[in-house]
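The values are calculated or read from the model by the stated rules, or taken from the named source; none is laboratory data. Quick caveat, the model's predicted, so the values are computed rather than measured. Don't worry about glycine lacking a Cβ; one is built from the backbone with ideal geometry, like all the others, and counts go over all protein chains shown. Only protein heavy atoms, including side chains, enter the accessible area calculation; ligands, DNA and RNA are left aside. Shrake-Rupley method; radii C 1.70, N 1.55, O 1.52, S 1.80 Å.
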Amino acid sequence: MESKEEFSRTLGPWLLWGLGVGYVISGMYFGWNLGLPVGGTLGLGIATLLIILLYVCFSFSYTELACMIPKAGGAFDYGREALGNAWAYIVGTAQLIEFLFAPPAIAAAIGAYFSLFLPGIDPVWIAIVAYLLFTSLNILGVKFAASFEFGITILAVFELLLFSGLTLPSFSWEKFSSNPLPNGWTGALSSLPFAVWFFLAIEGVANVAEETKDPQKNILIGFGSALATLVVLCGLVFFSSIGVGGWEMIVYPEPGAVASDYPLPLALRKLYGESGWAFHLLITIGLFGLIASFHGIILAGGRASFEFGRANFLPKFFGKIHPKFKTPANALMANTAFGIAALCTGKTSELITLSAFGALLLYFCSMISFFVLRKKQPDRERPFLVPGGKILPSIALVLSAIVLGVCAWQHPILFGVFVLILASGLVWARASIFGK
């Protein structure tokens, strides 16, 4: 039997837009540039166009599911209604992997940005403090957390627009197109997980459905407006940052250095130097973009873990709501403990790839759930129907399978780790899945 723990409904369409953009916007600030050494401008650019098509088709299809089944577990709940507990376990665990491995990667970037101001402090400690601070903020209440998210998301969007305004006048096609495919088309395939990072976690909007006023209407507004905003920002950031001095400049701070977690300040440094006002403004406000995604994915991840606990796929400890704040406090704290442990590995690129594996499997499985529910429950009320019938979900299904297969081929060891994580959960979820 599932727990009867319930949330309070406080979120409207503007706050959902803030969450949708906020979940993702850190992907504009860092992470995507790590795909440039393998794919180059052309390789990563083509990969990004493919991923934009995937997310457009997926988001519309996922919105139909979210409006039909507005529950905190998102894809987990859709899979459970479609094909039962075993399928729900696969989908739900993929979602957890996405939401658990993305925040430590973002936390590492927060530490790297802050270390530019505080060079004497280990960036890892800065990241840990950020984890504890924003987990506490999420525990205090979803409306408070979402309002905070909305504010910093507005600042982060403004800052990206300002960055583009400062850099586009210096755009050079010669520099932008320099060394466009350093590792051939194989390298372009290897850059796919980093293109996913541009949009990863937008589906987290569905995980606050139980806390949304009129979810059948507002989830559609939140998904659609957030995706449109992010596609525009993605294009602006890609062209304006690389066009200043070529892709190598926004990957390596110095020749021979390790890849950077702060590509946008590197682009501004080329134009204004480290003492310029624009450089310091970008670093200062740029932190808001990282914080928006970090804080937002912590929020969504807490709901995903909570739903696993409420359905007895995790210990009941996870499925409890704080009696005063009406938030999944236990799940949030457990996720933070895991995230800090992952952060301490120092493997930002690997964390991004694992998170991308989780997202891509989630997208593929969710589209399977979509078609099964269309067949099993054709007369069920669907407040929103994806336009074009089955065309968009079919494209999302095929593209997610292709991209997942390519990523597994390009990163076999990490994919093996991903599969082991999926399998390990069977130890504690077996009774709930098979009824034993």
(request) Please list the non-local residues whose amide H lies under 5 Å from the amide H of L11, H modeled 1.01 Å from N, same-chain partners needing a gap of 5 or more. (result) T212, K213
(message) Taking the 0 to 90 degree range and rounding to the nearest ten, how far is the long axis of helix 36-68 tilted relative to the main principal axis of the chain, both from C-alpha atoms?
(response) 30 degrees
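Please sort 195-201, 273-279, 82-88 by packing, taking for each peptide the average over its residues of neighbouring beta carbons within 10 angstrom, highest first.
On the way: 195-201: 28.7, 273-279: 13.0, 82-88: 18.9.
Result, highest mean Cβ count within 10 Å first: 195-201, 82-88, 273-279.
Which of the pairs K71/K316; K71/K217; K217/K390; K213/K316; K71/K143; K143/K324 have their Cα atoms more than 23 Å apart in this structure? Write down the numbers at each step before the final one.
Working: K71/K316 18 Å; K71/K217 14 Å; K217/K390 21 Å; K213/K316 27 Å; K71/K143 17 Å; K143/K324 13 Å.
The pairs that break the limit, which is 23 Å between Cα atoms, are K213/K316.
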(message) How much accessible area per residue does the stretch 1-155 have, counting only protein heavy atoms and a probe of 1.4 Å, in square angstrom?
(response) 31 Å²
(request) With a Förster radius of 22 Å, plug the Cβ-Cβ distance of T186 and V258 into 1/(1 + (r/R0)^6) and report the FRET value to the nearest 0.05. (result) 0.45
(message) Using the basic label-point model (7 angstrom from Cα toward the beta carbon), what is the K316 to V129 distance in nanometres?
(response) 4.0 nm
(request) Could you tell me which label, among (1) 59, 58, 47; (2) 92, 52, 42; (3) 60, 44, 39, carries the value of Cα extents along the principal axes in Å calculated for this structure? (result) (3)
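Okay, helix-only estimate at 222 nm for the chain: each DSSP H run of n ≥ 4 adds -39500 (n - 2.57), divide by all residues, round to 500 deg cm²/dmol; what do you get?
Values: 18 runs with 309 residues, N = 436.
Result for the chain: -24000 deg cm²/dmol, rounded to the nearest 500.
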(message) Tell me the carbon and sulfur percent of the accessible area for the chain, rounded to whole percent, probe radius 1.4 Å.
(response) 69 percent
(message) Give me a comma-separated list of calculated 3J(HN,Hα) values for the stretch 418-423, in order, Karplus coefficients 6.51, -1.76, 1.60 applied at θ = phi - 60°, integers in Hz, x for any Gly or Pro.
(response) 4, 5, 4, 5, 4, 6
